[in-house]
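One structure below.
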Amino acid sequence: MTSSYFTYSKPKVLQALRFHFFSRNEIKIMIIVVNIFAISAAVLYFTGKVSPLAFLMSSTLWLALMFAFWMVLPAIIYRKATTFKDHFKVSFEDQHMFLENERGGRSWPWKDFSSFVESTNFFHLYFNSRAFFIIPKSAFPKTDWPGIRKFLKEKIG
């Protein structure tokens, strides 16, 4: 169908990783639980039922969790993955997706992908709930995005 060359932009990749983490159910549940805990501690503190230390600890836990998921985890993954520093050519074809860089290439049949999600700057192609590949939308002309979106929905679902 189409092929294009691309490189990754660090700020956009970090945002895509945040999107991935915050879309996971276990992280959503953990954040909800920690938020309820922090709000409860604040209410109990302001009504005089708990000490300032309990309120401080719950606030610290909330801040640490948000900082970890928003800044630390995406930065660690970005730093460890050499993929984000390469130059690629991606080809979407009828039977498979082909990806190549200066060291070689690899092809995946569409049935290997379990789902497809679109974020602000990327097409996220998931192999499973933890393994995925992101293709920058900026690799393609904006006028091609609807066709690519339709194609990926047909091939992956």
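Only the coordinates and a few stated rules stand behind these numbers; no lab work does. On a predicted model such as this, the values are computed, not experimentally measured, just so you know. Ideal geometry is used to build each Cβ from the backbone, glycine not excepted, and the neighbour counts take in all protein chains shown.
In summary, the convex hull built on the alpha carbon positions of the chain has an orientation-averaged projected area of 10.9 nm². When each of the peptides 45-55, 125-135 is scored by how many other beta carbons lie within 10 Å of its residues on average, the order from highest to lowest is 125-135, 45-55.
Can you compute the helix-only [θ] at 222 nm over the chain? Use -39500 (n - 2.57) per DSSP H run of at least 4 residues, normalise by all residues, nearest 500 deg cm²/dmol.
Helix contribution divided over all residues of the chain: -14500 deg cm²/dmol.
Rounded to the nearest 20 debye, what is the charge dipole size of the chain about its Cα centre when +1 sits on each Lys and Arg Cβ and -1 on each Asp and Glu Cβ?
240 debye
Beyond 21 Å in Cα-Cα separation lie the following of the pairs Lys12/Lys137; Lys28/Lys142; Lys89/Lys142; Lys89/Lys137; Lys10/Lys80; Lys12/Lys80: Lys28/Lys142. Compute the Rg to Rh ratio over the range 11-80 from the alpha carbon atoms, using the Kirkwood formula for Rh, and round to two decimal places. For the range 11-80, the value is 1.11.
Find the centroid of the Cα atoms in the range 5-20 and in the range 38-60, then give the distance between the two in whole Å. Going from one Cα centre to the other spans 37 Å.
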